[in-house]
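> One structure is given below, represented as structure tokens, and several questions about it will come after.
None of the figures in this text is laboratory data; all of them are computed from the coordinates on show. The structure presented is a predicted model; accordingly, all values stated were derived computationally and were not measured. No Cβ is skipped: glycine too gets one built from the backbone with ideal geometry, and neighbour counts run over all protein chains shown.
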Amino acid sequence: MNTKQADSGWPEPVPTALLVLADGTVLEGFGLGAEGKAVGEVCFNTAMTGYQEILTDPSYAGQIITFTFPHIGNVGTNDEDIETVNLAASPGARGVVLHSAITDPSNYRSARHLDGWLKARGVIGLAGIDTRALTAMIRERGMPNAVIAHARDGKFDLDALKQEAREWPGLVGMDLVPMVTTAQRYSWDETPWQWGKGYGREEAPQYNVVAIDYGIKRNILRLLAANGCKVTVVPAKTSADDILALKPDGVFLSNGPGDPAATGEYAVPVIKQLIASGTPTFGICLGHQMLGIAVGAKTLKMHQGHHGANHPVKELGTGKVEITSMNHGFAVDRATLPADAEETHVSLFDGSNAGIQLKGKPVFSVQYHPEASPGPRDSRYLFERFVGMMKAGRKSS
């Protein structure tokens, strides 16, 4: 930490990191992780665990994450709790804002301090600000565009940073999927982590699933494999003909970053063809939003988004309430759903749409993350539902 001599004679710390908002607000703190600057949309995440999985979720591309839990980094990092599949692509979040400085890790699985891990991944961090005040501001005004900057010498071109934050166009209309999707097709058979065993392998898959990668997470692929699926992951711009040529029992539409309407320009025509083919289809998050567009609904930008691991969702068919993990800044506008798309789940925080299914067709999707790692696990039955649809499709063919 750099210091300067104050008029009182006492040394004062020099800020080595800034969060500069588009409205000109400047928040000063102490840098961690990589040096440099990055521009993005600032959101807050209320999860108390899983910071490494959150920071490597490709859905956070284009965003700067503020954690509301103050003690981030105290269990260190490891090579297992990473959600990004495409390690050569965007690392996920562009920056991270913390309340407290990172303490030395205290966990038997820790292999690296969070600060060093962020440096290695090129992620800029800032600690030492009032994250409660920032969160309250986002709740009141919405998610701001901002620049996060880190310089060890504490020297910044503040005017240039303000201009960059002010001129960044924001996520509306922005297709970020090309930053995170795979460049080529690959197969997946890894199953979820188990205590004392690590990750396993699915050695006798029963169903052939094609997963379209809009920014897919590892644990989604693991749970598909654990439910007896041989998974083939294909790039986001793969044609419907090429997907169907793989003779899938089912198709999965993955999560991902950015504006679903922008990505939908090339993804929605493919999704429409897949629906028309009668192939069982399951979507999560961005996949859910683009499925909604494909059937005639519209999407909208949310005021503060949903980011956390404690979001209650009600399944309308049963009345059951699930605690879910969410990460989205866009949503399907429930008022625009067509008659053949039935709303299946709603958020109990704000009543926004959280799931749909098509009447008379084996197609459904949810806005939240049933695969969430480290949890909650209330919604993992959705993978079994997808398998049930594929099993029924085989019997009818």
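> What share of Cα pairs, in percent, lie more than 24 angstrom apart in the stretch 11-167?
In whole percent, the long-distance tail amounts to 27.
> In addition: What does the stretch 157-246 give for Rg and for Dmax, in Å, if only its C-alpha atoms count?
Every Cα atom of the stretch 157-246 included, Rg and Dmax give 18.8, 60 Å.
> Now for a separate question. Can you give the helix-only mean residue ellipticity at 222 nm for the chain, where every DSSP H stretch with n ≥ 4 adds -39500 (n - 2.57) and the sum goes over all residues, rounded to the nearest 500 deg cm²/dmol?
-7000 deg cm²/dmol
> Separate question: Compute the signed sum of charges (Lys and Arg +1, Asp and Glu -1) over the other residues within less than 15 Å, Cβ to Cβ, of Pro338.
In short, +1.
> Stretch Arg185-Thr318 to full length: gain in nm at 0.36 nm per residue minus the Cα-Cα span?
In short, 44.1 nm is gained.
> Hey, got the dipole for the stretch 11-167? About the Cα centre, +1 on K and R Cβ, -1 on D and E Cβ, debye to the nearest 20?
So the dipole magnitude of the stretch 11-167 works out to roughly 40 debye.
> Between Asp130 and Arg385, what FRET efficiency comes out of the Förster formula 1/(1 + (r/R0)^6) with R0 = 51 Å and r the beta carbon distance, rounded to 0.05?
According to the calculation, E is roughly 0.75.
> If you average the alpha carbon positions of the stretch 286-340 and of the stretch 158-192, how far apart do those two centres end up, in angstrom?
21 Å
> Let me ask you something else. Below 15 angstrom from the Cβ of Arg109, what's the summed charge of the other residues (Lys, Arg +1; Asp, Glu -1)?
-3
> Also: Students often get this wrong, so check it: of Lys320/Lys391; Lys298/Lys359; Lys359/Lys395; Lys197/Lys314; Lys217/Lys298, which have C-alpha atoms separated by over 23 Å?
Lys320/Lys391; Lys197/Lys314; Lys217/Lys298
> Okay, next question. At 0.36 nm per residue, minus the direct Cα-Cα distance, what do Val14 and Gln304 gain on full extension? Give it in nm, one decimal, please.
101.2 nm
> What number does the stretch 177-396 give for Rg over Rh if you use C-alpha atoms and the Kirkwood radius?
We get a ratio of 0.93 for the stretch 177-396.
> Rg and Dmax in Å for the chain, alpha carbons only: what are they?
21.5, 83
> Which of Ile65, Ile138, Ile82 moves most in a GNM of the chain, Cα contacts under 10 Å?
Ile138
> Rank Gly329, Ser352, Gly375 by how far each Cα sits towards the positive end of the charge dipole of the stretch 177-396 (+1 on Lys, Arg Cβ; -1 on Asp, Glu Cβ) and give me just the farthest.
Of the listed residues, the answer is Gly375.
> Report the charge-dipole magnitude of the chain in Debye, nearest 20, computed about the Cα centre from +1 at each Lys and Arg Cβ and -1 at each Asp and Glu Cβ.
Dipole size: approximately 960 debye.
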